[in-house]
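**Student:** Got a structure for you, questions after.
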Amino acid sequence: MRLERPAFGTGKTRPALSAFGNLKAELPAFEFPISIKENFYRAARRDRPCWVPFPAADMQDLHMCHLANHCPAGLQLGPDLGATAARYTYKDAFGNSWTWDRNAGGACMTPGTRVFDDILKWEEQVHFPDYHEFDLAETAADFLRNRYDPERVLHIDIYHGPFQALSDLLGGFAEALEAMFVEPEASRAFFDRFADWMIWWIDTLSALYPVDMFTVHDDWGTEKDAFFSPAMMESLLFEPTKRIIDHVHGLGKLYEFHNCGRVEKFMDAFCALGPDFMQLQRRVNDTPKYKQLYGDRLGFNTGIEGLEPGKPYGKDELAALIDRSVEIFAPGGGFLPAIRTGSPEMLWDAYAELYCASRELYTGN
């Protein structure tokens, strides 16, 4: 039996949510067979989900900038995603300088920034913040009191993992790679210490928020190839990264691993690391092939195949693209689609089609 796709603006609705705070749209309010959270965990664990989760409907996102309403002078936990300035510069609690660029939609290290310059001296020169000067508890209490939606999955993006942290602090990827090649023991010691700190940070946030999933970004390649060999990754980064992921799972929470670059050579390692979702750069990775080869062990946060952000689509054309992606990525679970559409009506139609098509798939209709 085919489910009815509700027409735009009809019936019961619920607001769409976005981490960027500029999404003003309504979505159809379906009658779910199980709770949103239970379904999300089932999808992440590839264990009999009832529908494919839709981030704007099923998730509530927090980024580093949302975790402290008041910061010490000149410092920020992360870029202000709602910033209207074309560019601005800030420092994080590690002492690194970042420049936000509105056109790029993110922040990059300010040219010339270098927190330390000798991997052999990282213990003397790197300060791992405890954020005691940031109003973490007050901000969390305000969020839980005024904005938290307990029906949705609470997701916190905590940004950079061990390799990108070393790159941030040394001044760039080239400097981090030089350190790893020339001084592997010191680099491994830094990665282990960073993993300890990130586990502390995860525990701190878990005590303040009923978080369901963390995302960590640790890009291991360029669009041409990986930054380093699987052997180097295995010796320096695998165990610190595995400790972080295992700790999140030990708390009963989910882990999403964002990893840009052409990283096919690490797919077996990703399976061994065990994140719930991989978020990969589609244009240089054959994610449909990865689903076929690794979908029993990994979930994928990926876009709708063939959907171009910002391009207007008719309802039928949009539905066909979504149906094809459901066919590719939804079997067995493990599909978290990244859908960016140009209008509230397209967002509505995308959600309606995704929900109904995946319900039909999972129930055998």
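The values are calculated or read from the model by the stated rules, or taken from the named source; none is laboratory data. This structure is a prediction, so every number in the text was calculated from the model and none was measured. With ideal geometry, Cβ positions are generated from the backbone for all residues, glycine too; neighbour counts draw on all protein chains shown.
**Student:** Would a scan of the stretch 310-318 turn up a residue that is within 20 Å of the chain's Cα centre (by Cα) and more than 15 Å from Ala44 (Cβ to Cβ)?
**Tutor:** So in the stretch 310-318, the residues within 20 Å of the chain's Cα centre (by Cα) come out as none.
Within the stretch 310-318, none of the residues are within 20 Å of the chain's Cα centre (by Cα) and more than 15 Å from Ala44 (Cβ to Cβ).
**Student:** Continuing with this model, one more query. With Glu239, Glu256, Glu185, Glu234 as the choices, which residue is among the acidic types (Asp, Glu) and not in a helix (DSSP H, G or I)?
**Tutor:** Working: Glu239 fails: not in a helix (DSSP H, G or I); Glu185 fails: not in a helix (DSSP H, G or I); Glu234 fails: not in a helix (DSSP H, G or I).
Exactly one residue qualifies, and that residue is Glu256.
**Student:** Would you check which residues across the stretch 289-305 are over 20 Å from Ala357 (Cβ atoms) and hydrophobic (A, V, I, L, M, F, W, C) and list them?
**Tutor:** Keep residues of the stretch 289-305 that are over 20 Å from Ala357 (Cβ atoms), which gives 289-290, 293-294, 296-298.
Answer for the stretch 289-305, where residues must be over 20 Å from Ala357 (Cβ atoms) and hydrophobic (A, V, I, L, M, F, W, C): Leu293, Leu298.
**Student:** How about the stretch 17-32: which of its residues are in a loop (DSSP other than H, G, I, E, B), crowded, with 16+ Cβ neighbours inside 10 Å and of a type in the set (A, V, I, L, M, F, W, C)?
**Tutor:** Within the stretch 17-32, the first condition is being in a loop (DSSP other than H, G, I, E, B), and the residues that meet it are 17-25, 29-32.
Filter once more, keeping what is crowded, with 16+ Cβ neighbours inside 10 Å: 17-19, 25, 30.
Those that are in a loop (DSSP other than H, G, I, E, B), crowded, with 16+ Cβ neighbours inside 10 Å and of a type in the set (A, V, I, L, M, F, W, C): Leu17, Ala19, Ala25, Phe30.
**Student:** Now for a different question. Restricting attention to the stretch 33-48, report how many residues are closer than 20 Å to Pro150 by Cβ and either touching a residue at least 60 places away in the same chain (Cβ under 8 Å) or assigned to a loop (DSSP other than H, G, I, E, B) (or both).
**Tutor:** Of the stretch 33-48, the ones closer than 20 Å to Pro150 by Cβ are 33-44.
Narrowing further to those that are either touching a residue at least 60 places away in the same chain (Cβ under 8 Å) or assigned to a loop (DSSP other than H, G, I, E, B) (or both): 33-37, 40-44.
Matching residues across the stretch 33-48 total 10.
**Student:** Right, here's the next one. Which of (1) farther than 19 Å from Asn39 by Cα; (2) of a type outside the set (S, T, N, Q); (3) more than 21 Å from the chain's Cα centre (by Cα); (4) at pLDDT 95 or above does Ala352 not meet, given it meets every other one?
**Tutor:** Checking Ala352 against (1) farther than 19 Å from Asn39 by Cα; (2) of a type outside the set (S, T, N, Q); (3) more than 21 Å from the chain's Cα centre (by Cα); (4) at pLDDT 95 or above, the one that fails is (1).
**Student:** Can I ask one more? Which residue, of Arg42, Arg102, Arg14, is in contact with a Ser or Thr (Cβ under 8 Å, 6 or more places away or on another chain) and either closer than 18 Å to Phe134 by Cα or surrounded by 12 or more Cβ atoms within 10 Å (Cβ to Cβ) (or both)? Can you show your working first?
**Tutor:** On the way: Arg42 fails: in contact with a Ser or Thr (Cβ under 8 Å, 6 or more places away or on another chain); Arg14 fails: in contact with a Ser or Thr (Cβ under 8 Å, 6 or more places away or on another chain).
When all the criteria are applied, what remains is Arg102.
**Student:** Condition first: among the aromatic types (Phe, Trp, Tyr) and more than 22 Å from Pro49 (Cβ to Cβ). Can you find one or more residues in the stretch 305-315 that meet it?
**Tutor:** Pass one, the stretch 305-315, residues among the aromatic types (Phe, Trp, Tyr): 313.
Applying the additional criterion that residues be more than 22 Å from Pro49 (Cβ to Cβ) yields 313.
Looking for residues that are among the aromatic types (Phe, Trp, Tyr) and more than 22 Å from Pro49 (Cβ to Cβ), one finds at least one in the stretch 305-315, hence yes.
**Student:** OK, next. Given the options Ala174, Ala165, Ala195, name the one that is surrounded by fewer than 17 Cβ atoms within 10 Å (Cβ to Cβ) and either within 30 Å of Ala141 (Cα to Cα) or not β-branched (Val, Ile, Thr) (or both). Steps first, answer last, please.
**Tutor:** Working: Ala165 fails: surrounded by fewer than 17 Cβ atoms within 10 Å (Cβ to Cβ); Ala195 fails: surrounded by fewer than 17 Cβ atoms within 10 Å (Cβ to Cβ).
Among Ala174, Ala165, Ala195, only Ala174 is surrounded by fewer than 17 Cβ atoms within 10 Å (Cβ to Cβ) and either within 30 Å of Ala141 (Cα to Cα) or not β-branched (Val, Ile, Thr) (or both).
**Student:** Any idea which residue in the stretch 298-308 is nearest to His258 (Cα to Cα), counting only those that are in a loop (DSSP other than H, G, I, E, B) and under 18 Å from the mean Cα position of the chain (by Cα)? Spell out the reasoning first.
**Tutor:** The first filter runs over the stretch 298-308 and keeps only residues in a loop (DSSP other than H, G, I, E, B), leaving 298, 304-308.
Checking the rest, the ones that are also under 18 Å from the mean Cα position of the chain (by Cα) come to 298, 304.
Numbers: Leu298: 13, Ile304: 17 Å.
Taking the candidates together, the pick is Leu298.
**Student:** If you don't mind, another one. If you take just the helices (runs of 4 or more DSSP H) that sit entirely in the stretch 103-175, which of them hold at least 3 residues that are touching a residue at least 40 places away in the same chain (Cβ under 8 Å)?
**Tutor:** Details: elements: 122-125, 136-146, 162-170.
The helices (runs of 4 or more DSSP H) meeting that bar are 136-146, 162-170.
**Student:** Could you go through the stretch 122-137 and let me know if any residue there is small (Gly, Ala, Ser) and surrounded by 11 or more Cβ atoms within 10 Å (Cβ to Cβ). Break it down into steps so the answer makes sense when it comes.
**Tutor:** Applying the first criterion (small (Gly, Ala, Ser)) to the stretch 122-137 yields 137.
When the remaining residues are screened for being surrounded by 11 or more Cβ atoms within 10 Å (Cβ to Cβ), the result is 137.
So far as the stretch 122-137 goes, yes, one or more of its residues are small (Gly, Ala, Ser) and surrounded by 11 or more Cβ atoms within 10 Å (Cβ to Cβ).
**Student:** Where the second residue is assigned to a strand (DSSP E or B) and buried (at least 21 other Cβ atoms within 10 Å of the Cβ) and the first is charged (D, E, K, R) and lies in the stretch 50-65, which pairs have Cβ atoms under 8 Å and are six or more apart or on separate chains?
**Tutor:** Asp58/Val153; Asp61/His155; Asp61/Ile156
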